[in-house]
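This report concerns only the one structure given below.
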Amino acid sequence: MKNILEMLENSARLFPDKIAFSDPSGKVSFGGLEDMAQRIACFLMSEGRIDPMRPGEPIAFFMEKNLGAVCAMFGAVYAGCFYSFIDVRQPESRVLSVLSVLKPSIIITDAEDHDNIEGMIKSSSCDIRIIRIEELTNLAKNTEIDKSLIDRARKSSYDCMPLYVNFTSGSTGTPKGVAVSHRSVIDFIPVFTETFGIDSSDILANQAPFDFDVSVKDIYSGLYTGAGVVLIPRDYFTNPAVLMDYLCDNKVTCLIWAVSALCFVSIMNGLEYRVPEKIKRIMFSGEVMPVKQLNKWRAHLPDAQYVNLYGPTEITCNCLYHVLDREYADDENIPAGRAFDNEKVFLLDENDREVIKAGEMGQICVGGTCLALGYYKDKEKTDSVFTQNPLNDSYHERIYRTGDIGKYDDMGNIIYVSRRDLQIKHMGQRIELGEIETCAGAAHGVSRACCTYDTKKKRIVLFYTGEAEKNELTDLLQKKLPQFMIPGKTIKLNSFPMNKNGKIDRKALENGNY
């Protein structure tokens, strides 16, 4: 296999009438998805003026996920292009920054977001054609499938071409476009689905937006196995009753969600309202899962398989996993686990020596086919983190330095500790803010906790949500932690600000935007 479209075509042949994707507005079968995607591709390559002999053309999407977006996404791939979804909630300056890097000739949007993106493009004098998904779908229905165009585009493609580019936050404030190839997804998805037994009988509930790589596991696990994928609208994650009804009514069997989404349900008592009893697997990633919130899920769905997944966007979804096989105390860290098949994960210390001994910390590094192509049009940034393996001086071996700190436990599992930039020097001591967060999060009456460091006032700042009183929390921390790790300021919040990927927005906390 050298193109992910083979996944779609195989499932369309085996399950032509089976529902592939659905949302509250409708559904599409595998056969229907293949047909519509090819019609969209032929329209784009003819009237849309995308040259199939120029592989790797970007097509941008400025819209929320829905069935139309799925069809157009694969239409873009059939046209020999790659797709890139842009978060519609971002400020204009960031959207224009992404477009200045991507330089797409076409943006596909919808009626709701059309005026917004049109105004941005006009103000920036960009030469980009805007097509509304409603118009594109209607035009494609009347477009004949030209197999010669489809074949030309396919023959011009190869497995190391980009499939998608996801833009993540950059430390300099400039978004980084992570380019991931067909080959990396083709390599990962079969291993992922076989590891956890996902098959055509499953129904996956897609939580993540399409600009977040957690969605890749939903989309392509469905395509590869013939499983159905149910798209959950973003606003359902503000109403737990609507969300739980949707999961139950659609007989969902598998959740591959960000930690924050699972915590939303447990904190808002969604499981007290209604339990989606068909769920067999619950997988989570993106942040450290608070054991307290996880245990609420386990209490209601004790027979489900629970899996902690770890991996940054730059390594195609995940490189480590840990199937929970016991109960964890509230102040324990769930292991990130061991590497997926065909992925190499190891730790390097500050002098680029491999860390082997349990308990010693080092930077998590990854090698293998899973690695992204790099950052789109940013060679300098790419070369700084996608480097030669310093342990290998015999041949070229590319690795990715994640910037995450980890350690081995006594069983050989990797434990995620924190980001390198969350390791601070305070009162002459090296401190991992994640350790304080775990301790505070385990306290009675605390739902979630997050720490930042005020460099001006030289103090640790602890933010938390829940019913606990600040003085009670401070008293508990003083019993659990050394004095140099006690926060100099504690702030109780009603809720945490979230970034575009559904993680706690630390920069917003640092800037007082809460």
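General observations
Residue by residue, here is whether (1) polar (S, T, N, Q); (2) surrounded by fewer than 22 Cβ atoms within 10 Å (Cβ to Cβ) holds:
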{"position": "Phe74", "(1), (2)": "no, no"}
{"position": "Phe85", "(1), (2)": "no, no"}
{"position": "Ser93", "(1), (2)": "yes, yes"}
{"position": "Asp113", "(1), (2)": "no, yes"}
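- Against the list (1) over 25 Å from the mean Cα position of the chain (by Cα); (2) farther than 27 Å from Lys176 by Cα; (3) in a helix (DSSP H, G or I); (4) among the hydrophobic types (A, V, I, L, M, F, W, C), the condition Leu33 fails is (1).
- Selected residue [open to solvent by less than 10 Å² (accessible area, probe 1.4 Å), within 21 Å of Lys18 (Cβ to Cβ) and either touching a residue at least 60 places away in the same chain (Cβ under 8 Å) or not in a loop (DSSP other than H, G, I, E, B) (or both)] from Ile282, Ile256: Ile256
- Residue-level analysis places Lys357 outside the set of residues that are assigned to a strand (DSSP E or B) and surrounded by fewer than 16 Cβ atoms within 10 Å (Cβ to Cβ).
- Looking only at residues of the stretch 361-420 that are part of a helix (DSSP H, G or I) and not hydrophobic (A, V, I, L, M, F, W, C), we find that the one that is least open to solvent (accessible area, probe 1.4 Å) is Thr382.
- Candidate set: the stretch 217-245, residues that are of a type outside the set (A, V, I, L, M) and assigned to a loop (DSSP other than H, G, I, E, B); chosen: the one most open to solvent (accessible area, probe 1.4 Å): Asn239
- Residues in the stretch 470-498 that are closer than 22 Å to Lys296 by Cβ and without any contact (Cβ under 8 Å) to a residue 40 or more places away in the chain were compared, and the one that is most open to solvent (accessible area, probe 1.4 Å) is Asn494.
- Breaking point among (1) on the phi > 0 side of the Ramachandran plot; (2) in contact (Cβ under 8 Å) with a residue 60 or more places away in the chain, for Gly311: (2)
- Among the residues of the stretch 249-294, the ones that are touching a Phe, Trp or Tyr at 6+ places or on another chain (Cβ under 8 Å) and of a type outside the set (A, V, I, L, M, F, W, C) come to 4 in all.
- From Gly68, Gly80, Gly56, residue being in contact (Cβ under 8 Å) with a residue 24 or more places away in the chain, open to solvent by 10 Å² or more (accessible area, probe 1.4 Å) and at positive phi: Gly56
- Members of the stretch 446-482 that are over 31 Å from the mean Cα position of the chain (by Cα) and over 18 Å from Asp330 (Cα atoms): Lys456, Lys457, Lys458, Arg459, Glu469, Lys470, Asn471, Pro482
- Residue within the stretch 297-306 that is within 24 Å of Ala443 (Cα to Cα) and in a strand (DSSP E or B) present: yes
The values are calculated or read from the model by the stated rules, or taken from the named source; none is laboratory data. Computed from a predicted model, the values in this text were never measured in an experiment. Please note: Cβ atoms are built from the backbone with ideal geometry, for glycine as well, and neighbour counts cover all protein chains shown. SASA here: full protein model, heavy atoms, side chains in, ligands and nucleic acids out. Shrake-Rupley method; radii C 1.70, N 1.55, O 1.52, S 1.80 Å.
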